[in-house]
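A.B. asks: Here it is, the structure in full.
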């Protein structure tokens, strides 16, 4: 048998640039399983027995407080950040929409004011007075 200081080698994979990440994951997993099977066989061990020895089943988690013990709710730790991101996204979209609306209205008012000033300036340049034209 090998001593704990002995190490096994590793491997390199050469892949085309168009390789899909999912396919690469499957290939690497298959290579890893094949290498482990070869190493276990070389040491004269049974793979299922080794897997049984190294697999640790996750136990249940218990939350302890001063007054009681209860099962830990795992989902809340994952749902809370997602809910925060969703609320933040909604706030940014709502605020952005109102900011964009007010910006467009202000720009529209400036354009219309500029057009009115331009029309008055055009009339003044031609010597026309809007008040005298009604007579």
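The values are calculated or read from the model by the stated rules, or taken from the named source; none is laboratory data. Since the model is a prediction, treat every value here as computed from it, not as a measurement. Positions of Cβ are backbone-derived with ideal geometry, glycine not excepted, and every protein chain shown enters the neighbour counts.
A.B. asks: Only one of these conditions is not met by residue 23: (1) surrounded by 10 or more Cβ atoms within 10 Å (Cβ to Cβ); (2) in a helix (DSSP H, G or I); (3) modelled with pLDDT under 85. Which number is it?
C.D. replies: The number of the failed condition is (3).
A.B. asks: Additional query: Could we say that residue 131 is farther than 30 Å from residue 60 by Cβ, out of contact with any strand residue (DSSP E or B) (no Cβ under 6 Å at 6 or more places or on another chain) and either loosely packed, with under 10 Cβ neighbours inside 10 Å or at pLDDT 65 or above (or both) here?
C.D. replies: yes
A.B. asks: Among (1) surrounded by fewer than 10 Cβ atoms within 10 Å (Cβ to Cβ); (2) modelled with pLDDT of 90 or more; (3) outside any helix (DSSP H, G or I), where does residue 82 come up short?
C.D. replies: That leaves (3) as the condition not met.
A.B. asks: Could you list, in sequence order, all residues of the range 54-69 that are surrounded by fewer than 10 Cβ atoms within 10 Å (Cβ to Cβ) and not in a loop (DSSP other than H, G, I, E, B)?
C.D. replies: 54, 62, 64, 69
A.B. asks: Return the residues of the range 70-79 that are exposed (fewer than 10 other Cβ atoms within 10 Å of the Cβ) and either touching a residue at least 60 places away in the same chain (Cβ under 8 Å) or assigned to a helix (DSSP H, G or I) (or both); say none if nothing qualifies.
C.D. replies: Once the filter is applied, which keeps residues that are exposed (fewer than 10 other Cβ atoms within 10 Å of the Cβ) and either touching a residue at least 60 places away in the same chain (Cβ under 8 Å) or assigned to a helix (DSSP H, G or I) (or both), the range 70-79 yields 75, 76, 77, 78.
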